Each structure stands twice: as structure tokens, then as C-alpha cells.
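First the structure, in the form of C-alpha cells, and then the observations on it.
The values are calculated or read from the model by the stated rules, or taken from the named source; none is laboratory data. The model shown is predicted, which means the values in this text are computed figures rather than measured ones. Here the Cβ positions follow ideal geometry from the backbone for every residue, glycine too, while neighbour counts run over all protein chains shown.
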Amino acid sequence: MQSLAQGALEIGLSEDIALRLQLIAEELFTNTVSHGFGGDGDSTVLCRITEAPSGILLRYIDSAPPYDINDTPDQTASEEVIGGLGVALIRGLSKQVRYMRQKDTNVCEILI
């Protein structure tokens, strides 16, 4: 299976953009599996990258319970708490983050 970064490079995106897309998709996927499905599930996750007038758009779709990434407050790094920085990382790597619930799916659009 081809990684998202490999696909991005093949369509002519820079290595920086390709790796940024890969990292964002991995963070979203980790949250889907860990928090959305409690560490277990066999549902499909879809990712699509397209060019937009103001950048590159990653569209990430899953069928986990509703979860709006924009409703999650940013956390800061701490020696006492492990993890919890994925949403802040996604926001920091993005120009814009949009969420929609469409039928039984979460649709997250990340503009970078």
C-alpha cells in the first residue's frame, strides 16, 4: 500500500507538504482508532488530497462517533501527562481546519 506522502510526491507536491500531510493523516487516524473506536474497529477511513486556491486540502473521512476537532482545546506538553498533543499539532501544521458531520461520517478538511 502506498503512503499518503508517496502519493503526494507523485502528484508533484513538495517533500515538506507531503510529509506534513502524512503526519496530519496519521494523527487523525490515531485519534479515530484510539478515541473514536476505543482501540478496535474495522471501519474504513478515507483520505483525499486536492489542490485548493489557497493551498492543499486533505479531506479525511471516518465513521466513528461524532467528533468535531474544533471543539477540542489545545493542550500543552507536560511531564505529568503523556499524549494529548495531536490536535494542537494538526492545528499548528494547518492554515484552516473544518469539520462537518455528513450522515454517519465525520468529515475533516485540513487546508495546508
task: Output the residues belonging to the stretch 1-28 that are more than 22 Å from Ile69 (Cα to Cα) and polar (S, T, N, Q).
output: Gln2, Ser3, Gln6, Ser14
message: Just to be sure I understand the filter: pairs with C-beta atoms under 7 Å, separated by 6 or more residues or on different chains, first member in the stretch 30-48 and touching a residue at least 40 places away in the same chain (Cβ under 8 Å), second member in a helix (DSSP H, G or I). Which pairs pass?
response: Thr30/Gly86; Asn31/Gly86; Cys47/Leu4; Cys47/Ala25
field: Scope the stretch 1-29; condition at pLDDT 90 or above and surrounded by fewer than 14 Cβ atoms within 10 Å (Cβ to Cβ); matching residues
entry: Gly12, Ser14, Glu15, Asp16
message: Anything in the stretch 15-35 that is over 13 Å from the mean Cα position of the chain (by Cα) and either over 14 Å from Ser94 (Cα atoms) or among the β-branched types (Val, Ile, Thr) (or both)? List them, or say none.
response: Glu15, Ile17, Ser34, His35
